[in-house]
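Encoded as structure tokens, the structure appears first; notes follow it.
No value in this document is a laboratory result; all are computed from the given coordinates. Since the model is a prediction, treat every value here as computed from it, not as a measurement. Counting neighbours? That spans all protein chains shown, and the Cβs are built from the backbone with ideal geometry, glycine included.
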């Protein structure tokens, strides 16, 4: 019986979720970034502020995890708000 030619590393990584990463920029105020996180993602104030501080101090923050298509929609929305954002594979645990 023939078995399919499957790259094991690729097949196991295909199920790994994707993330939306928001990046620090010199333009947007911290209060505005907090507002975007609250209004778009529906985060409570404390979570929005924590993520905003992570963006400010570390240069980036993962704000959402899920299927690639959903993360791409989030990135487009962040761009619509004037924030820098990208889609990436979720870090391995």
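Assorted remarks:
Yes/no matrix, rows are residues, columns are (1) touching a strand residue (DSSP E or B) at 6+ places or on another chain (Cβ under 7 Å); (2) exposed (fewer than 13 other Cβ atoms within 10 Å of the Cβ):
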position	(1), (2)
40	no, no
47	no, no
50	no, no
62	yes, no
65	yes, no
71	yes, no
74	yes, no
81	no, no
91	no, yes
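- Yes/no for residue 80 being on the phi > 0 side of the Ramachandran plot and without any contact (Cβ under 8 Å) to a residue 40 or more places away in the chain: no
- Residue list for the stretch 35-54, filter: closer than 16 Å to residue 77 by Cβ and either over 15 Å from the mean Cα position of the chain (by Cα) or without any contact (Cβ under 8 Å) to a residue 40 or more places away in the chain (or both): 35, 37, 38, 39, 41, 42, 43, 48, 51
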